[in-house]
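Okay, structure first, notes after.
The values are calculated or read from the model by the stated rules, or taken from the named source; none is laboratory data. Since this is a predicted model, take the numbers as computed values, not measurements. Cβ placement follows ideal geometry from the backbone for every residue including glycine, while neighbour counts extend to all protein chains displayed.
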Amino acid sequence: MMVDYEAVHEELQDILDDLTEKNRNAPIIVEGERDVRALRALGILGEIRPINRGTTVFALCEDLARDHREAVILTDWDVRGGRLARQLRDGLAANAVRYDDEVRARLTKACRKEISDVESLDRFVERIASIVETRERSKPSKRYYAGKVQRWAMRRTKRRVP
């Protein structure tokens, strides 16, 4: 199955543009500090609130309800992230805060199981951009070892020829 990296790159850029636009009015809720750093590396400058700061999920939702009427849920797309997203949806709805988890769903689909967390998102976007720019389809490590095996096979063949 060939992946159309140009389409993936365009889709990721659209998602990140939407996320940046939504972040102007609504804070993004992520799991931890590494997620915050990854989003900052992608150029998202608005308010980002990590869950793992020693409070409960419901306390975070109540705190958000004091200052905001909407929020963007961007937890990881693994099992734990799914549970946290459900708890956030319930907590935000109980505090009359509109939530948007569409970006999380779109990222899950766009990453195609290559990554499953927000903290890897900046490196993934960078790698896809590099692939699109250089038109190289394999990872650098795979190219290195493939070249090494090819050189080894050439030397071995040359030894056999009299």
When region 1-55 is examined, which residues are found to be more than 13 Å from the chain's Cα centre (by Cα), crowded, with 16+ Cβ neighbours inside 10 Å and closer than 21 Å to Arg112 by Cα?
Tyr5
Residues satisfying the stated conditions in region 1-50, i.e. among the small types (Gly, Ala, Ser) and free of Cβ contacts under 8 Å to residues at least 60 places away in the same chain
Ala7, Gly43, Gly46
Being out of contact with any Asp or Glu (no Cβ under 9 Å at 6 or more places or on another chain) and in contact (Cβ under 8 Å) with a residue 40 or more places away in the chain: is that true of Leu74 here?
no
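Please specify each residue of region 62-79 satisfying the condition of being acidic (Asp, Glu), in a loop (DSSP other than H, G, I, E, B) and surrounded by fewer than 16 Cβ atoms within 10 Å (Cβ to Cβ). Break it down stepwise before answering.
Residues of region 62-79 acidic (Asp, Glu): 62-63, 67, 70, 76, 78.
Checking which are in a loop (DSSP other than H, G, I, E, B) leaves us with 76, 78.
Within region 62-79, just Asp78 meets the criteria.
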I need a count of the residues in region 16-61 that are of a type in the set (A, V, I, L, M, F, W, C), within 22 Å of Ala93 (Cβ to Cβ) and not in a loop (DSSP other than H, G, I, E, B).
10
Sort out which residues of region 106-116 are surrounded by 13 or more Cβ atoms within 10 Å (Cβ to Cβ) and not in a loop (DSSP other than H, G, I, E, B), and write them in order of number.
Arg106, Leu107, Thr108, Ala110, Cys111
Using the structure shown, decide if Glu119 is assigned to a helix (DSSP H, G or I), acidic (Asp, Glu) and at pLDDT 90 or above.
yes
Across (1) among the hydrophobic types (A, V, I, L, M, F, W, C); (2) within 21 Å of Ala85 (Cβ to Cβ); (3) within 17 Å of the chain's Cα centre (by Cα); (4) surrounded by fewer than 19 Cβ atoms within 10 Å (Cβ to Cβ), Phe58 clears everything bar (3)
